[in-house]
1. Please determine whether any residue of the stretch B:312-325 is modelled with pLDDT of 95 or more, surrounded by fewer than 24 Cβ atoms within 10 Å (Cβ to Cβ) and of a type in the set (A, V, I, L, M).
2. Please indicate, with yes or no, whether at least one residue in the stretch B:220-230 is within 30 Å of B:Gln140 (Cβ to Cβ), away from chain A (no Cβ under 11 Å), more than 21 Å from the chain's Cα centre (by Cα) and surrounded by fewer than 23 Cβ atoms within 10 Å (Cβ to Cβ).
3. Any residue in the stretch B:179-187 that is assigned to a helix (DSSP H, G or I), more than 24 Å from B:Arg110 (Cβ to Cβ) and either polar (S, T, N, Q) or within 14 Å of another protein chain (Cβ to nearest Cβ) (or both)?
4. Looking at (1) surrounded by fewer than 17 Cβ atoms within 10 Å (Cβ to Cβ); (2) among the polar types (S, T, N, Q); (3) more than 27 Å from B:Tyr222 (Cβ to Cβ), which one does A:Thr57 not meet, given that it meets all the others?
5. Residues of the stretch B:283-311 being within 14 Å of chain A (Cβ to nearest Cβ), more than 23 Å from A:Ala86 (Cα to Cα) and buried (at least 24 other Cβ atoms within 10 Å of the Cβ), which ones?
6. Can you work out which of the residues in the stretch B:405-430 that are surrounded by fewer than 22 Cβ atoms within 10 Å (Cβ to Cβ) and either free of Cβ contacts under 8 Å to residues at least 12 places away in the same chain or within 19 Å of the chain's Cα centre (by Cα) (or both) is farthest from B:Gly493 (Cα to Cα)?
7. Restricting attention to the stretch B:6-17, does a residue exist that is surrounded by fewer than 17 Cβ atoms within 10 Å (Cβ to Cβ), touching a residue at least 12 places away in the same chain (Cβ under 8 Å) and over 23 Å from B:Gly372 (Cβ atoms)?
8. If I ask for residues that are outside any loop (DSSP other than H, G, I, E, B), more than 8 Å from chain A (Cβ to nearest Cβ) and either basic (Lys, Arg) or buried (at least 22 other Cβ atoms within 10 Å of the Cβ) (or both), which ones from the stretch B:248-276 would you list?
Amino acid sequence: MTTLKAVAWEPVTAQAIIDELKSKPGALLPILHAIQDRFSYIPDEAVSLIAQALKLTRAEVHGVISFYHHFRTHQPGRHVVEICRAEACQSQGARALEAHAKAALGVDYHQTTPDRNITLEPVYCLGNCSCGPSIRVGNDIHADVDAARFDELVESLKTDRVEIL
Amino acid sequence: MTFRIHVPSDTTAKARGADRIARLIEIVAEEHKVDVEVRRNGTRGLYWLETLVEVDTDAGRYGFGPVKEGDIESLFAAEFYKGNVDHPLAVGLVEEIPYLKRQERFTFSRIGINDPLSLEDYKAKDGFKGLANAIQLSSQEIVDAVKESGLRGRGGAAFPTGIKWQTVLDVPSPKNQKYIVCNADEGDSGTFADRLVMECDPFMLIEGMTIAGLAVGATQGYIYCRSEYPLSIENLNSAIQTAYDNNLLGADIQGSGKHFDLEVRMGAGAYICGEETSLLESLEGKRGLVRAKPPLPAIVGLFGQPTVVNNVLSLAAVPFILDKGAKAYADVGVGRSRGTLPFQVAGNVKFGGLVELAFGPTLKELMFEFGGGTRSGRPLRAVQVGGPLGAYLPESQWDTPLGYEEFSQKEAVLGHGGVVMFDDTVDMSEQARFSMEFCVAESCGKCTPCRIGSTRGVEVIDRIRAGQNVDANMELLSDLCETMLDGSLCAMGGMTPFPVQSAMKHFTEDFVKNAASATQAKEV
C-alpha cells in the first residue's frame, strides 16, 4: 500500500525543485508534478515562485494548474482513493461501487473524510479494463473491486499496514 | 536443479495479486527446499488467467492460472515447478492455448515471454534488428518502407503513417530541429495496448521512435504518457536509461553518426491531451487547448517545429516492418486496413485480454470466439468500440468485419481497438447521458458546441429520462448532436455525439421506456 509521504511546505526545497527543472523545454508540467509529488499538493506560495522562475504571470500558472484534473491546490487526506468511472468499469458494476464508496466514506468526489484519512477522486480509466471495477490507491491499482473488497481496502488504510511477507 | 518460474508484472496482474504470488512462491519454495528462480515477465494479456504462473521446461512453458494466494501450497504439493503435472489450475503449454495460438502477434511477439527491462531478452527475440537495418538505409528508404507496409495511425484516426513521415521529412525546420512525439495518453476506456507496450516491451517503443527519428531527421523524442500509468512511466524511464548506457540512444548510435535523445513526460489527467494538438500544447507547458488545423503538426508542431505525432502502437509496429519487411506486414489484413491491430476485449467479458489479429474477422468472432461472451453470463446487448467517442453497436451490426472502412460504413469507429461489452442490464439512455457528462468533464473549452453543448446534452437527456416532452426533447437532442458534430474543431466535440446518436437510433426503447415509466409514475 502506497502512502503519500506528505512533506510540509518548505520554500527552499520548492525553489530547489524549480531551479533544477526550469531550463527544460516546456518546464511547467514537470515542475508542477515535482512540487505535487513532494508536498502532495501545489500551495499558493509555490505558484508565485514558479511564475517568477518561468517568467509567467501567476494567472498563467494558475490557469495551467486548474486545467488538469491531476493537480490539486489543497492538501489531500493521507490516502487518495480514485474510482474508475469509465465505460468498461460501468459495464462491470462501477456505478454501484461509486454509490457504495460515497455512502461508506460519507463524502462525495473531491472531498476528504473528516479524519483526513481518505480523499475520494473520480478517474477516467486506469487501463485495467478486463478486470474491473478498478480503483487506484496511491500508485497501486486494484482489480475486481466490489463493495466488500472496497470495505476491506478502506479498513486496511485506517492503520499503517505492516507487510508480513 | 534450479526451476525457472515466471510471474507476470504488468498492472492488471499486479492488481490481481501477482507481486504477493511471486514472493509467496519464493518463501514456500524455501520451506519445501526446492531451488527456484522467480523471474518477472510482462503478461501474455490473457487476463482471466492472471495471475498466470509459467514454468520453463524443455517442451516449452507450462502455465497455471488463475493462481491465488491460497493455491500456492497445493501447487507445490503437485510439484508444479516440474511443468507437466496434474493440478486444477494447469493450463498446459501456454503457447498452445487456443486464445493465444490463434492470434497473429506481430507487434506483441515478445510480450509475456521477456523480462520487460532485460535488453538481452529483447535482443534475443529480434530486438533492435529493425534499427540495425534502418541505420543502413537513407531517410527516404525508411519512409518508403513504412508507406509500403500500409501502416495507418493506430491511435484511431487511421491516417497513413508513411505519408505523415514524408511530410515531416520534406519540410525544412526553421530552427533545424524536428521532433518525434509519442502519444501515450491512452485515455479511451477499454484500451490498454499502449500500456502493455510500455510496461512489457518498452525497448520496442524506444526502437520504433529511434527509427522514426532517423526517417525524418529528428534528434529529439518525447513520450507523453498519462499520469494514470505510473508503472509505464517507471519501466520506460528504466529502459531508456539502459538504452543510453548501451549506445542505443544519444550521440552516434551504434557508430552510425546518428543522434537521438528520448524523454518521458507525464500528462496530468486530461483526456483531451490525447488529441495531438492539445498534447503539443501540454508538452509546451500550457493548458491543453486544441489548436486549429492547418497548419498540421507535421509542419508546425512542437515549439513550432515539424513534428511527427504518432500513437504508441504505430511506433511499436515500426521495428517489425523494418526487420521483417514492409511486405510481411502488408500481406495480412482486409481492404485498406493492412497489418494487424491489437484489439482489447474488455468490459463485461468472460475471457478479456489482448487479441492481436490481422484486420478482417468480424466483431462477433472477437467477442464470442475469443471473449466467450459476457462475464455475468447474461445476454450481450451493446458493444462500444473505439473508446468513449465510439458508437454503441447493436446485435444487427456484430457481423461487421474489423476494418477501418468497414466500421465507418456503419457510422462506427474502430479507434484504438478497444471493445467494451455490456450485458442486458445496461440502460442505454444512461450510457448516452454519461457520454455527454464525460464531454462536460473533459472538453478543453475552446469550441462552444463542445463546451456548452455537452452540458445542455446532459440536461436534455435528463428530461427525456424523466419523461418530459419526450418526442420534442429527442428531436432537440438530435439537433444538438448535429451542432456538436459540425461545429467542433476536434474529435472531442465532433465525436461525442456518436455514442449518443447510436444509442438513440439502435436502443430507442431505453429512452422511451424511461419516459413511459415516468409518465405512469406521474399518473399514479
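The values are calculated or read from the model by the stated rules, or taken from the named source; none is laboratory data. All figures in this text were calculated on a predicted structure; none of them were measured in a lab. Every residue, glycine as well, gets a Cβ built from its backbone with ideal geometry; the counts of neighbours run over all protein chains shown.
1. Checked the stretch B:312-325: no residue is modelled with pLDDT of 95 or more, surrounded by fewer than 24 Cβ atoms within 10 Å (Cβ to Cβ) and of a type in the set (A, V, I, L, M).
2. We begin by selecting, within the stretch B:220-230, every residue within 30 Å of B:Gln140 (Cβ to Cβ); these are B:220-224.
With the extra rule that they be away from chain A (no Cβ under 11 Å), the set shrinks to B:221, B:223.
Next, from what is left, pick out any that are more than 21 Å from the chain's Cα centre (by Cα): none.
Checking the stretch B:220-230: not a single residue is within 30 Å of B:Gln140 (Cβ to Cβ), away from chain A (no Cβ under 11 Å), more than 21 Å from the chain's Cα centre (by Cα) and surrounded by fewer than 23 Cβ atoms within 10 Å (Cβ to Cβ).
3. Kept after step one, since they are assigned to a helix (DSSP H, G or I), are these residues of the stretch B:179-187: none.
The answer is no; no qualifying residue exists.
4. A:Thr57 satisfies every listed condition except (3).
5. Across the stretch B:283-311, the qualifying residues are B:Leu283, B:Gly301, B:Leu302, B:Thr307.
6. Among them, the one singled out is B:Gln409.
7. Applying the first criterion (surrounded by fewer than 17 Cβ atoms within 10 Å (Cβ to Cβ)) to the stretch B:6-17 yields none.
So far as the stretch B:6-17 goes, no, none of its residues is surrounded by fewer than 17 Cβ atoms within 10 Å (Cβ to Cβ), touching a residue at least 12 places away in the same chain (Cβ under 8 Å) and over 23 Å from B:Gly372 (Cβ atoms).
8. Just the residues of the stretch B:248-276 that are outside any loop (DSSP other than H, G, I, E, B), to begin with: B:250, B:253-255, B:260-266, B:271-274, B:276.
Adding the requirement that they be more than 8 Å from chain A (Cβ to nearest Cβ) leaves B:250, B:253-255, B:260-264, B:272-274, B:276.
Those that are outside any loop (DSSP other than H, G, I, E, B), more than 8 Å from chain A (Cβ to nearest Cβ) and either basic (Lys, Arg) or buried (at least 22 other Cβ atoms within 10 Å of the Cβ) (or both): B:Phe260, B:Leu262, B:Ile272, B:Cys273, B:Gly274, B:Glu276.
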